[in-house]
Amino acid sequence: MSLFRDIQTAANIITGQDEVTVISHIDADGIAAEALMTESLSRAGIVVRSVFLRQLDPLTMHKVPEDRTLKIFCDLGAGQQSLLAEKGLTEENVLIVDHHVSQPCERKYTQVNSLVYGSNKLSAAGLAYLIAREIDSENTDLAMLGVVGNVGDMMAREEGGLTGLAHDIVEDGVLHGNILVKRKDLNCYGTSTRPLHVCLAYNDDPFIPGISNNINDALRFLKKLGLNLKSREGRWLVWEELPDDKKRVIMSALVHQLIAHGLSERRLFSETYIFPEEPCRTPLRNAQEFATLLNACGRWARPLIGSAICQGDRGVAYREAERMLMNHRAVIRDLLQYILETGVTELPYFQFIHVGDRYPDTIVGIGAGMALSKLNRRKPILIMCTLPEDPMVTKVSMRTNEQVVSGGIDLQQALTKAAANVGGAGGGHKIAAGAFIPSGREQEFMDHVNLQLAAQYAKKGTGHC
Ligand SMILES: [Mn+2]
């Protein structure tokens, strides 16, 4: 496969350097990718300097240092190559490790991009891991970071587990001994840290009537099964701590609950990835919660803290990250409350709310996703906010669920087209997408989104949502 040729090329370029600069994205995938680069290059005796960016655009380009070091762009860069060229970066100075759509450019920058080979289930951290392993086959202890990045970028979401090359990375970690794979595990966020009834109540994929969104109902449901779900000390157990026989009883009760409501049990199961060397009942214990911890660091402008944790810091950096995670959750809860109290406006094909500058733009999408399960779940939610640092721009985030996506909806396509129509830019995934548009053109933009969604439903032949 030629992706592996590209990986070899990248490893050769890197090992020929004394000093490099890694420019990476601030989400879980970007942080894991940066940590993979920093750790593996340091092991090889190469000096690494890191720069984290919320995105690569004309406003942030000045953060890319003007020196002669090789610049490794991680989880960004493929779609901004003309910016790199404008900055005067030459082919010798640039290596792009990315999984986003590549932009044609007069400069022929070396690129390792899974998307170029049709793989849309391998993230930047996955690529960074493959390069790290190419540099030194001893680096398989870092496979877990590749898994965290892949899971953080939702690569396991559609198929109920990682697939293809992303799964080969899992296997490396299993062989090394710091990844444990749980097949057909409960597909639910918080299986290592939340009491089971809380974990189930907070889950909405799949949405389980009589359990999702209501902690008391979830607890009542579990109590009826007659299982003791507390430890000897009287503390609630988390899913990961439960013995297999109890897990089986609960799983089959959940399956029955879904079937009784005429719903599919398919999304109840997922392959999950546990890190047995990490302490129990911490967000470091599984790939999904680890990714959230990194996202919290990035969204609160402390990506280096996340990177330090990826590189093994379990002291100061970890405590700082825990604090950020708590704050992150508190602000999201507040935002969720705000959305529900203020209420959304329903349009024929979606619902929307504008939150102004009340919340940081880095979390509005998360809040929207959480609010959706408490609103009309058949209509995607669109949330807008203003950027305090740039009042000319409105940021848009849009979320929906698997059910709506399987009905033919593609938010990435809808937002990209609608944003382009008003002189903005959009991107993302079918289930979650975002855009930046000029302030003042919100109404026109939303009309376009509505038209796009209508056309998508019409194409799929499902009529109306
Ligand atoms: Mn990514």
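Here are the numbers:
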| item | result |
| --- | --- |
| Candidate set: the stretch 143-163, residues that are over 23 Å from residue 309 (Cβ atoms) and more than 16 Å from the ligand (Cβ to nearest atom); chosen: the one surrounded by the most Cβ atoms within 10 Å (Cβ to Cβ) | 161 |
| Verdict on residue 104 being in the same structural domain as residue 9 (by TED's automatic domain parsing), away from the ligand (no atom under 16 Å from the Cβ) and under 20 Å from residue 428 (Cα atoms) | yes |
| Residues satisfying the stated conditions in the stretch 14-34, i.e. in contact with a Leu (Cβ under 6 Å, 6 or more places away or on another chain) and either under 26 Å from residue 299 (Cβ atoms) or of a type in the set (A, V, I, L, M, F, W, C) (or both) | 20, 25, 28, 31, 32 |
| Any pair with Cβ under 7 angstrom, 6 or more apart, that starts in the stretch 226-247 at a residue that is farther than 17 Å from residue 192 by Cα and ends at one that is at pLDDT 95 or above and of a type outside the set (S, T, N, Q) | 227/246; 227/249 |
| Test: residue in the stretch 253-272 that is closer than 27 Å to residue 282 by Cβ, in contact with a Leu (Cβ under 9 Å, 6 or more places away or on another chain), part of a helix (DSSP H, G or I) and of a type in the set (A, V, I, L, M) | yes |
| Residue that is farthest from the ligand (Cβ to nearest atom) [pool: residues in the stretch 119-135 that are surrounded by 24 or more Cβ atoms within 10 Å (Cβ to Cβ) and among the small types (Gly, Ala, Ser)] | 132 |
| Filter pass, residue 43 being in contact (Cβ under 8 Å) with a residue 12 or more places away in the chain, among the basic types (Lys, Arg), within 25 Å of residue 166 (Cα to Cα) and more than 16 Å from the ligand (Cβ to nearest atom) | yes |
| Any chance residue 428 is farther than 21 Å from residue 345 by Cα, surrounded by 15 or more Cβ atoms within 10 Å (Cβ to Cβ) and in contact (Cβ under 8 Å) with a residue 12 or more places away in the chain | yes |
| Those residues of the stretch 377-392 which are in contact with a strand residue (DSSP E or B) (Cβ under 8 Å, 6 or more places away or on another chain) and either buried (at least 18 other Cβ atoms within 10 Å of the Cβ) or modelled with pLDDT of 90 or more (or both), in sequence order | 379, 380, 381, 382, 383, 384, 385, 386 |
| Filter result for residue 319 (of a type in the set (Lys, Arg), assigned by TED's automatic domain parsing to the domain that holds residue 306 and surrounded by fewer than 16 Cβ atoms within 10 Å (Cβ to Cβ)) | yes |
| Tally, over the stretch 24-40, of residues that are touching a Cys at 6+ places or on another chain (Cβ under 7 Å) and more than 11 Å from the ligand (Cβ to nearest atom) | 3 |
| Qualifying residues in the stretch 107-118 (those that are in a loop (DSSP other than H, G, I, E, B) and modelled with pLDDT of 95 or more) - the one nearest to the ligand (Cβ to nearest atom) | 109 |
| Breaking point among (1) crowded, with 17+ Cβ neighbours inside 10 Å; (2) more than 20 Å from residue 271 (Cβ to Cβ); (3) without any contact (Cβ under 8 Å) to a residue 24 or more places away in the chain, for residue 203 | (2) |
| Selection from the stretch 87-99 of residues that are assigned to a loop (DSSP other than H, G, I, E, B) and within 16 Å of the ligand (Cβ to nearest atom) | 99 |
| Where a residue in the stretch 95-109 is closer than 17 Å to residue 126 by Cα and its partner, wherever it lies, is of a type in the set (Val, Ile, Thr) and away from the ligand (no atom under 16 Å from the Cβ), with Cβ under 8 Å and at least six apart | 95/13; 95/14; 95/110; 96/110 |
| Hits in the stretch 7-40 - residues which are under 13 Å from residue 52 (Cα atoms) and either surrounded by fewer than 21 Cβ atoms within 10 Å (Cβ to Cβ) or among the aromatic types (Phe, Trp, Tyr) (or both) | 21 |
| Selection count where residues are over 19 Å from residue 362 (Cα atoms) and either assigned to a helix (DSSP H, G or I) or of a type in the set (Lys, Arg) (or both), scope the stretch 21-56 | 12 |
| Sole residue being at pLDDT 90 or above and surrounded by fewer than 21 Cβ atoms within 10 Å (Cβ to Cβ), chosen from 422, 404 | 422 |
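Here is a yes/no grid of residues against (1) at pLDDT below 95; (2) not in a strand (DSSP E or B):
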position	(1), (2)
58	yes, yes
73	no, no
101	yes, yes
104	yes, yes
126	no, yes
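The values are calculated or read from the model by the stated rules, or taken from the named source; none is laboratory data. Just so you know, these numbers come straight off a predicted model, no measurement behind them. Virtual Cβ from ideal backbone geometry, glycine too; neighbours counted across all protein chains shown.
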